[in-house]
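Comments concern the structure below.
The values are calculated or read from the model by the stated rules, or taken from the named source; none is laboratory data. Predicted, not measured: the structure shown is a model, and the values here were computed from it. Glycine also receives a Cβ, built like all others from the backbone with ideal geometry; neighbour counts cover every protein chain displayed.
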Amino acid sequence: MPSTGYNRHWGTRSTGNPGYRTPGYRSSGRTTGLPQRHAATDVSASRAWVPNQRQEMASTNDLKNGMVLKLDNELWSVVEFQHVKPGKGPAFVRTTLKSVMSGKVVDKTFNAGTKVETATVDKRTMQYLYLDGEDYVFMDLDTYDQTHIPGATVGSSADYLLPEAEVTVAFHEGVVLYIELPTSVFLEVTYTEPGLQGDRSTGGTKPATVETGATVAVPLFITTGEKIKIDTRDGRYLGRS
């Protein structure tokens, strides 16, 4: 008698005849009758870049500030551009570009009318939920979908990140490029050395540890337990709450 068993990979029942399918079986491209598992998206598992089948192209004559270009598989944002038509020779476009990933700024010149590949960067407002191993979990405030973002992508932003904080997360082709914090945040000082009477007028600073674990240079009169305002772009102390 031929053996019978369920083949999970193909969704068919084997009867010893490879070409036989269970009566009433219809291929629908999905598995039915099996429990579905819902989990947060793991960005780190899909970080490999997969090229679009359709490339979006634009002419250098159509450049605009803020437009994102894909050059040599890197994303660059147009900071400034200038159309130049010299007395002799062909016209060209002089640009200043900023790397979306690293922030590096370069100057690049294109011939007028040159076709360049453009890229769409999708920015979403998300809320930081919790740390899961080395990943930071964020929730889309529109769809409530959760996304795991590797610590390497979050980078130094983690120094100013508390649960429930709202940030902007930039995506390109389903991959997180970076997160963008508000320009300033308020954080509580969890430890700093006591100051001395009259420290307010000395202009000196001392290190202070805030609730995220980051260290900030603060005036000598700041005490443990106070909330201070910090510039997230460079970590500067801006004042007290």
Requested in this report: Return the residue satisfying two criteria in turn: it lies in the range 56-108 and is small (Gly, Ala, Ser), without any contact (Cβ under 8 Å) to a residue 60 or more places away in the chain and not in a loop (DSSP other than H, G, I, E, B), and of such residues it is surrounded by the most Cβ atoms within 10 Å (Cβ to Cβ).
Outcome: Ser77
Report task. Collect the residues in the range 140-179 that are farther than 21 Å from Gly213 by Cβ and acidic (Asp, Glu), keeping them in residue-number order. Result -> Asp140, Asp142, Asp145, Glu173
Requested in this report: Could you pull out the residue among Asp234, Asp159, Asp122 that is under 29 Å from Glu74 (Cα atoms), touching a strand residue (DSSP E or B) at 6+ places or on another chain (Cβ under 6 Å) and of a type in the set (Asp, Glu)?
Outcome: Asp122
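Taking only the range 152-198 into account, find how many residues are aromatic (Phe, Trp, Tyr) and either under 25 Å from Thr118 (Cα atoms) or at pLDDT below 90 (or both).
Just the residues of the range 152-198 that are aromatic (Phe, Trp, Tyr), to begin with: 160, 171, 178, 186, 191.
With either under 25 Å from Thr118 (Cα atoms) or at pLDDT below 90 (or both) added as a condition, the list becomes 171, 178.
Number satisfying all stated conditions: 2.
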Query raised in the report: Does the range 130-146 hold any residues that are surrounded by 14 or more Cβ atoms within 10 Å (Cβ to Cβ) and not acidic (Asp, Glu), and which are they?
Result: Leu131, Tyr136, Val137, Phe138, Met139, Gln146
Report task. Give the range 201-237 a look and list any residue that's surrounded by fewer than 14 Cβ atoms within 10 Å (Cβ to Cβ) and either of a type in the set (Asp, Glu) or assigned by TED's automatic domain parsing to the domain that holds Leu162 (or both), or say none. Result -> Glu211, Asp234
Query raised in the report: Restricting the first residue to the range 171-193 and requiring it to be under 27 Å from Tyr237 (Cα atoms) and of a type in the set (Phe, Trp, Tyr), which pairs with a second residue that is at pLDDT 90 or above and in a loop (DSSP other than H, G, I, E, B) meet a Cβ separation below 9 Å and a spacing of at least six or different chains?
Result: Tyr191/Thr224
Query raised in the report: Does at least one position in the range 178-197 carry a residue that is aromatic (Phe, Trp, Tyr), closer than 19 Å to Gly66 by Cα and more than 19 Å from the chain's Cα centre (by Cα)?
Result: no
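Residue check: is Glu173 in contact with a strand residue (DSSP E or B) (Cβ under 9 Å, 6 or more places away or on another chain), loosely packed, with under 14 Cβ neighbours inside 10 Å and within 30 Å of Gly103 (Cα to Cα)? Walk me through how you get there before you give the answer.
Working: in contact with a strand residue (DSSP E or B) (Cβ under 9 Å, 6 or more places away or on another chain): yes; loosely packed, with under 14 Cβ neighbours inside 10 Å: no; within 30 Å of Gly103 (Cα to Cα): yes.
No: the conditions fail for Glu173.
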Query raised in the report: Just checking, how many residues over the range 70-102 are touching a Phe, Trp or Tyr at 6+ places or on another chain (Cβ under 9 Å) and within 30 Å of Val154 (Cβ to Cβ)?
Result: 9
